[in-house]
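Enquirer: Below is the structure I would like to discuss, written out as structure tokens.
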Amino acid sequence: MTLSERDKLYNWHPYTQHKTAANFPAIVKGKDALLWDENGKEYIDAIASWWVNPYGHSNTIIANAIYEQLTTLEHVLFGGFTHDKAVLLAEKLMEILPNNQKKLFYSDNGSTAVEVALKAAMQYFYNKGIKKSKIIAFHDAFHGDTFGAMASSGITFFTEAFQGSLLEVVRIPVPTKGNEESSIQILKDLVETNEYAAFIFEPLVQGAAGMVMYQPDVLDKMIAICNYNNVFTIADEVMTGFGKTGKTFASDYLMHKPDMMCLSKALTGGTIPMAITTFTQEIFNGFYDDNTNKALFHGHTFTANPTGCAAALASINLLQTVEMQHNIARIHQLHLDFEIKIKTHPRIKTTRVLGVIFALEIKTENQESYYGTMRNKLYNFFIENGIILRPVGSTVYILPPYVITNAQLEKVYTIVEKALEIV
Ligand SMILES: *Cc1c(COP(=O)(O)O)cnc(C)c1O
């Protein structure tokens, strides 16, 4: 039996209806933007394996940092102890985060980074004896699959089985072109009721919704409204963080900085699962008290795992190299060139580019569902052609590792163009 066949016996895959799913390719090797399956077939990983892997697969610099850490101190509990890599990583993040961010809380994945932010917002007010527990989020948001994160997410078929068991979250329209004023007004009406603890958003790009984009100036206005009304703002930068939008963080495009930020995905360059929620001093102070019960009682066994911290440090150092910054600018320019070339294609409805993110929407007769027929046809076409892309409904997006070569990226564009002829 092949690996691909043996996999089916026991493994339950994410977001997968196993009754209708085909056998999955078994990947046995990766290098830079490329992956190889057990039959030797080569794939270009044009979505950086769900956006985690900007510096390329099997990166030896990160691997060496991990090896060194594993053979020096693989793990120590973070309750009651600290270690050099957590200190160094904190110092490094303080250099690159918006300068209102002063405290870091470690966890294991994007969803838990969001949970920590939501819990901190709610408990902050609870500690002060103020009743404010509701959350505001955007339609079609994605913040993860644990309960709090799921409650804040708006992609309904992901969460419909659990409605009624979730946090109270009110959803507002995404301020895309033409919706800015109504979105701002709805937010304003909500926050003025004094019932809301926090507004959570994916800054500038809603990844899982299909790279839906909106402008920094409108988000700035929304953050200012929240600031004025004592509602915390949470920038979920799990996808956008570490260079994807062309700046280190999407929040770097803003004048008003969020109160909290959620980081994961590219944090460790796709090696060790880790996440960080970052906070202003004001939020931290809301827990700083002689009363033990006012502490943030949250933690995970692997909190601030030294190996994860070492991988994150090596990753951020890579991001800061001139070479990597050039790569980001290079991909951005290639995306813009491709956009000009493709946008007049008769099958195309819209295109958009931000940083290394490119997205196009295909014209359809009917509204395409998230995992609909067109999406599946496209997905299979890309895989057949050795390109890993996961369209969302009728949206095809590219978010490649920064180390992808021009030739590889041109190949991705060519296959995307061909795909327009088959749907
Ligand atoms: C992926 C993602 C999450 C969830 O992260 P996991 O590590 O999958 O739990 C949360 N927010 C955003 C914006 C994401 O893209």
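No lab work stands behind these numbers, since they all come straight from the coordinates. This is a predicted model, so every value here is computed, not measured. Glycine also receives a Cβ, built like all others from the backbone with ideal geometry; neighbour counts cover every protein chain displayed.
Enquirer: When all C-alpha to C-alpha distances in the stretch 153-243 are sorted into bins of 5 Å, what percent of pairs does each bin hold, rounded to whole numbers?
Expert: Distribution as computed: 3, 12, 23, 24, 21, 13, 4, 0 percent.
Enquirer: Still on this structure: For the stretch 1-130, compute the number of Lys pairs whose alpha carbons are separated by less than 19 Å, excluding pairs fewer than 8 positions apart on the same chain.
Expert: Lysine pairs meeting the criterion: 10.
Enquirer: Can you give the local net charge around residue 374? Use residues other than it whose beta-carbon is closer than 14 angstrom to its beta-carbon, Lys and Arg +1, Asp and Glu -1.
Expert: Computed value for this residue: +2.
Enquirer: For the ranges 191-198, 54-61, what's the packing order if you count other beta-carbon atoms within 10 Å of each residue, average per peptide, and put the highest first?
Expert: Details: 191-198: 18.5, 54-61: 20.2.
Going by the mean number of other Cβ atoms within 10 Å, highest first, we get 54-61, 191-198.
Enquirer: Taking the Cα centre of the chain as the origin, how large is its charge dipole in debye, to the nearest 20, when only Lys and Arg (+1) and Asp and Glu (-1) carry charge on their Cβ atoms?
Expert: Taking the Cα centre of the chain as origin, the dipole is about 360 debye.
Enquirer: I've got another one for you. Between residue 20 and residue 407, what length in nm is gained on full extension when 0.36 nm per residue of separation is reduced by their alpha carbon distance?
Expert: Numbers: separation 387, 0.36 × 387 = 139.32 nm, distance 3.47 nm.
Stretched fully, the residue 20-residue 407 segment lengthens by 135.9 nm.
Enquirer: So, with +1 on the Cβ of K and R and -1 on the Cβ of D and E, and no other charges, what is the size of the charge dipole of the stretch 298-376 about its Cα centre, to the nearest 20 debye?
Expert: 220 debye
Enquirer: Of the residues 358, 24, 302, which exhibits the maximal mean-square fluctuation in a Gaussian network model of the chain defined by a 10 Å Cα contact cut-off?
Expert: Answer for the Gaussian network model of the chain: 24.
Enquirer: Where in the stretch 206-270 are there chymotrypsin sites (Phe, Trp or Tyr not before Pro) that are in a DSSP coil and have at most 10 other Cβ atoms within 10 angstrom of their Cβ?
Expert: Working: sites: 214, 228, 232, 242, 249, 253; in loops: 214, 242, 249.
Within the stretch 206-270, no chymotrypsin sites (Phe, Trp or Tyr not before Pro) qualify (loop, at most 10 other Cβ atoms within 10 Å).
Enquirer: Then there's this: Nearest 500 deg cm²/dmol is fine: what mean residue ellipticity at 222 nm does the chain get from its DSSP H runs of n ≥ 4 alone, each adding -39,500 (n - 2.57), divided by its residue count? Don't skip to the answer; put the middle values down first.
Expert: Details: 14 runs with 158 residues, N = 423.
Helix-only estimate at 222 nm: -11500 deg cm²/dmol.
Enquirer: Just name one of 287, 1, 238: the one whose Cα is farthest towards the positive end of the charge dipole of the chain (beta-carbon charges, Lys/Arg +1, Asp/Glu -1).
Expert: Farthest towards the positive pole: 1.
Enquirer: Now for a different question. Using Cβ counts within 10 Å as a stand-in for footprinting exposure, how do 81, 201 rank, fewest first?
Expert: On the way: 81 9, 201 25.
Result, fewest neighbours first: 81, 201.
Enquirer: Another question about this same structure. Looking at the stretch 126-282, what % of its DSSP beta bridges pair antiparallel, to the nearest 5?
Expert: 30 percent
Enquirer: Towards the positive end of the charge dipole of the chain, with charges on Cβ (+1 Lys, Arg; -1 Asp, Glu), say which of 203, 310, 123 has the farthest Cα.
Expert: Of 203, 310, 123, it is 203.
Enquirer: With +1 on the Cβ of every Lys and Arg and -1 on the Cβ of every Asp and Glu, and nothing else charged, how large is the dipole of the stretch 148-193 about its Cα centre, in debye rounded to the nearest 20?
Expert: On the way: 3 positive and 6 negative charges, 26 e Å.
For this selection, approximately 120 debye.
Enquirer: Among 401, 353, 342, whose Cα sits farthest toward the positive end of the charge dipole of the stretch 321-415 (+1 at Cβ of Lys/Arg, -1 at Cβ of Asp/Glu, about the Cα centre)?
Expert: Farthest along the dipole direction, towards plus: 342.
Enquirer: OK, next. Using the Kirkwood formula on the Cα atoms of the chain, what hydrodynamic radius do you get, in angstrom to one decimal?
Expert: Values: mean 1/r = 0.0446 Å⁻¹.
22.4 Å is the Kirkwood radius here.
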